[in-house]
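Structure first, then comments.
The values are calculated or read from the model by the stated rules, or taken from the named source; none is laboratory data. Given the structure is predicted, the values throughout are model-derived calculations rather than measurements. Note: ideal-geometry Cβ built from the backbone for every residue, glycine included; neighbour counts use all protein chains shown.
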């Protein structure tokens, strides 16, 4: 899962990046470089811990979330903006960091304004691409383009001309597949992260708009939680209790991100490796196998499946099989969260 962290200057993007990844990227004004900060985190999963205790593998590999902290220059020129948009296009989803605190450099917090400004920038970028592409296809009279693709592009253009994000447009799976190559920015799943301080800012107007736009919201005191995360492990619980924090920001973020992207994890086990793999909810078994290796998807025969809860309840693989809880599933099987899968394939 590759998430792009975006936002206006002085919003605290890199502070959030450091908090989530445990890295120490420089938090400063835009330096002129367009290369983003890169980092990742391992997704905690108690199921992996249990399976590791059973199989004692050579290695255990949790799922990962990769973060791209994308630069936010105050007044980018055209080339700079193009480079920034390309970094955004390469991400599966976006985390929009919004400043919810007053700043000597940035002035008073205006969360709703920041959300509207960034949303408008993404919409305009998509509108330009749509207008150019639709115009070109019409001049060619559709000779080199699938007519269904043109119909979807026209549908998107009509929607975005009303200043709507493409993620709010109802599109079928077939329509999404037709336009997937364009990597529209306003079509990407968006999570709003309001970065606050101790001053208890008022962002209810933003919350109302986010609800209308179906954009999930998470509120984090980035600087405070970053400081807590850097304390000795023994000291953290006391400070978290004093601050009224019941769950660390990283764990809350992971849960929200998985819900946003509609992701589930299936598991593979053995003496060599116990591993978690992430796929979109509803993915068919061959596609899930393809996450491991393209040969599995291409030569898929069947998936041998045991639900994690059955594995635990019946004392492992042998017990689950004896209880009739091991299943052989075909190409149409939709992988469920926690499935322990052994793929059979032939290439």
### Task
Could you check, for the range 73-82, whether at least one of its residues is more than 17 Å from the chain's Cα centre (by Cα), in a strand (DSSP E or B) and in contact (Cβ under 8 Å) with a residue 40 or more places away in the chain?
no
### Task
Look through the range 252-295, keep the residues that are assigned to a loop (DSSP other than H, G, I, E, B) and free of Cβ contacts under 8 Å to residues at least 60 places away in the same chain, and return whichever of them is surrounded by the most Cβ atoms within 10 Å (Cβ to Cβ).
283
### Query
Restricting attention to the range 52-68, which residues are assigned to a loop (DSSP other than H, G, I, E, B) and either at pLDDT 95 or above or not assigned by TED's automatic domain parsing to the domain that holds residue 9 (or both)?
56, 57, 58, 62
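Condition check ((1) assigned by TED's automatic domain parsing to the domain that holds residue 123; (2) touching a helix residue (DSSP H, G or I) at 6+ places or on another chain (Cβ under 9 Å); (3) under 30 Å from residue 128 (Cα atoms); (4) touching a residue at least 40 places away in the same chain (Cβ under 8 Å)) across all residues:
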position: 162; (1), (2), (3), (4): yes, no, yes, no
position: 176; (1), (2), (3), (4): yes, yes, yes, no
position: 203; (1), (2), (3), (4): yes, yes, no, yes
position: 230; (1), (2), (3), (4): yes, no, no, no
position: 238; (1), (2), (3), (4): yes, no, no, no
position: 242; (1), (2), (3), (4): yes, no, no, no
position: 245; (1), (2), (3), (4): yes, yes, no, no
#### Entry: Set 122, 157: member being at pLDDT 90 or above, under 21 Å from residue 216 (Cβ atoms) and either assigned to a helix (DSSP H, G or I) or more than 25 Å from the chain's Cα centre (by Cα) (or both)
122
### Task
Go through (1) in contact (Cβ under 8 Å) with a residue 60 or more places away in the chain; (2) assigned to a helix (DSSP H, G or I); (3) touching a helix residue (DSSP H, G or I) at 6+ places or on another chain (Cβ under 8 Å) one by one and return the number of the condition residue 148 breaks.
(1)
### Query
Quick one: how many residues across the range 160-206 are under 30 Å from residue 19 (Cα atoms), assigned to a helix (DSSP H, G or I) and more than 22 Å from the chain's Cα centre (by Cα)?
2
### Query
Restricting the range 325-347 to residues that are assigned to a loop (DSSP other than H, G, I, E, B) and over 26 Å from the mean Cα position of the chain (by Cα), which is surrounded by the most Cβ atoms within 10 Å (Cβ to Cβ)?
326
### Query
Quick one: how many residues across the range 213-243 are over 21 Å from residue 257 (Cα atoms) and surrounded by fewer than 17 Cβ atoms within 10 Å (Cβ to Cβ)?
15
### Task
Check whether at least one residue in the range 69-83 is closer than 21 Å to residue 256 by Cβ and either surrounded by 15 or more Cβ atoms within 10 Å (Cβ to Cβ) or modelled with pLDDT of 90 or more (or both), and report yes or no.
yes
### Task
Identify, by number, the condition in (1) surrounded by 17 or more Cβ atoms within 10 Å (Cβ to Cβ); (2) not assigned by TED's automatic domain parsing to the domain that holds residue 44 that residue 249 doesn't meet.
(2)
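Here is a yes/no grid of residues against (1) crowded, with 17+ Cβ neighbours inside 10 Å; (2) closer than 30 Å to residue 227 by Cβ; (3) touching a strand residue (DSSP E or B) at 6+ places or on another chain (Cβ under 7 Å):
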| residue | (1), (2), (3) |
| --- | --- |
| 110 | yes, yes, no |
| 165 | yes, no, no |
| 171 | yes, no, no |
| 175 | yes, no, no |
| 179 | yes, no, no |
| 200 | no, yes, no |
